[in-house]
There are 4 protein chains.
Amino acid sequence: MSEIEELIKEINKFRDDRDWRQFHNPKDLAISLSIEAAELLEDFQWKSSHAAVETNMENIKEEIADVMIYCLMITSDLGLDTKQLIREKLEKNAKKYPVEQS
Amino acid sequence: MSEIEELIKEINKFRDDRDWRQFHNPKDLAISLSIEAAELLEDFQWKSSHAAVETNMENIKEEIADVMIYCLMITSDLGLDTKQLIREKLEKNAKKYPVEQS
Amino acid sequence: MSEIEELIKEINKFRDDRDWRQFHNPKDLAISLSIEAAELLEDFQWKSSHAAVETNMENIKEEIADVMIYCLMITSDLGLDTKQLIREKLEKNAKKYPVEQS
Amino acid sequence: MSEIEELIKEINKFRDDRDWRQFHNPKDLAISLSIEAAELLEDFQWKSSHAAVETNMENIKEEIADVMIYCLMITSDLGLDTKQLIREKLEKNAKKYPVEQS
């Protein structure tokens, strides 16, 4: 089992232990992901990037983890291969933004 | 090299090839992550979860990839261990939401 | 009729003319508001505040208008008095952040 | 003085009393607006629209007020006419979505 598959397995165990999968349709997961992304942004509110990292590192770590956990729940529930998704998007971006134009 | 480290290496090569790392302070990456999370949410706008997945699967895949790419950029730039972050957050959540109370 | 009530009347005429009110439950309006807020933020992506205003003023105006239109739809649909809401929140904030502590 | 101008005057007095205007560049205001929009969305997290309104009405009112206060700060700081912005956007939307096509 790959590293990402292992993480997904742990995340799915977490929600199955609590019988939470019944609430987890993709739309409500996307709402939660958006809320967590804003909580990450809140660590940078009224601050320079540098000051935010100095002050809020512990919380930044938690919010990034929350965002990634929701991403992995969605990819798992939709039967997607996370690693492949990321590689395909990088390839698409590489065509959209050719190196020679940067 | 682990699977996630491999992905981070590919993402970092992508931005180094384009000399983009100079723009990528954590605050601006968190802003971009929040924008991509909203673009994922847009796939579900005015739709039921089921209808959105039926209609917008290709775009949903791309937006989740974008969100994950920004997460991996931030963890890489802050010198964080992505897998450990996720595991620590799951442990913290497990204490906050004990199985017996669900 | 007050100025804000006039605007709400025009907004409601706009959606009634298109028979859109049937889709406008508060949850989906809150989703759309969040998406529009991110589109406003996109005008500032990878830019200083000053450069964004110089470059994207026309779009900034449109995105703020979109956010306000969704706010007014929600207050209208929930039977709320927009002006009173704002004044009550300012009073609450004034107690939370006393002038002498600033 | 119009109703919206009166509200803007009260909001500006609030921040001037606290000497907060120095932090309020449009980019950081747009970040805050996005965070408040997500806090409104949080009132609807894991809930139907109806249940959220039943349960969280008081908080929904506060979050909408916060979003509108940030909108009015931005329009004030950029020297924009809020009412005109909204009317121009409604006119643009009316052309984009003609009544006969709905």
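The values are calculated or read from the model by the stated rules, or taken from the named source; none is laboratory data. Just so you know, these numbers come straight off a predicted model, no measurement behind them. Please note: Cβ atoms are built from the backbone with ideal geometry, for glycine as well, and neighbour counts cover all protein chains shown.
Okay, residues lined up against (1) of a type outside the set (Phe, Trp, Tyr); (2) farther than 16 Å from A:Ile35 by Cβ:
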{"residue": "B:Lys9", "(1), (2)": "yes, yes"}
{"residue": "B:Asp17", "(1), (2)": "yes, yes"}
{"residue": "B:Phe23", "(1), (2)": "no, yes"}
{"residue": "B:Leu41", "(1), (2)": "yes, no"}
{"residue": "B:Ile60", "(1), (2)": "yes, yes"}
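Can you find a residue in the stretch C:49-64 that is small (Gly, Ala, Ser) and more than 24 Å from B:Leu41 (Cβ to Cβ)? Yes, the stretch C:49-64 contains at least one residue that is small (Gly, Ala, Ser) and more than 24 Å from B:Leu41 (Cβ to Cβ).
The one condition from (1) under 24 Å from A:Asn12 (Cβ atoms); (2) out of contact with any Cys (no Cβ under 7 Å at 6 or more places or on another chain) that B:Asp19 does not meet is (1). Looking only at residues of the stretch D:62-102 that are over 11 Å from the mean Cα position of the chain (by Cα) and under 15 Å from C:Leu33 (Cβ atoms), we find that the one that is nearest to the other protein chains (Cβ to nearest Cβ) is D:Lys89.
Every residue, every condition in (1) more than 21 Å from B:Glu91 (Cβ to Cβ); (2) at the interface with chain D (Cβ under 10 Å from one of its Cβ atoms); (3) over 17 Å from the mean Cα position of the chain (by Cα); (4) without any contact (Cβ under 8 Å) to a residue 24 or more places away in the chain, yes or no:
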| site | (1), (2), (3), (4) |
| --- | --- |
| A:Ile4 | no, no, no, no |
| A:Ile8 | no, no, no, no |
| A:Ile11 | no, no, no, no |
| A:Asp16 | no, no, yes, yes |
| A:Asp19 | no, no, yes, yes |
| A:Phe44 | yes, yes, yes, yes |
| A:Ser49 | yes, no, yes, yes |
| A:Glu54 | yes, no, yes, yes |
| A:Asn59 | no, no, no, yes |
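Just need a number here: residues in the stretch D:21-37 that are more than 12 Å from the chain's Cα centre (by Cα) and at the interface with another protein chain (Cβ under 7 Å from one of its Cβ atoms). Adding up the residues that qualify gives 6. Against the numbered list (1) touching a helix residue (DSSP H, G or I) at 6+ places or on another chain (Cβ under 7 Å); (2) closer than 18 Å to B:Arg87 by Cα, A:Ala30 comes up short only at (2). For chain B, the helices (runs of 4 or more DSSP H) that sit wholly inside it and include 1 or more residues that are of a type in the set (Gly, Ala, Ser) and crowded, with 17+ Cβ neighbours inside 10 Å are B:26-42, B:49-77. Taking A:Ile35, is it at pLDDT 95 or above and within 18 Å of B:Ser76 (Cα to Cα)? Spelling it out, it is not the case that A:Ile35 is at pLDDT 95 or above and within 18 Å of B:Ser76 (Cα to Cα).
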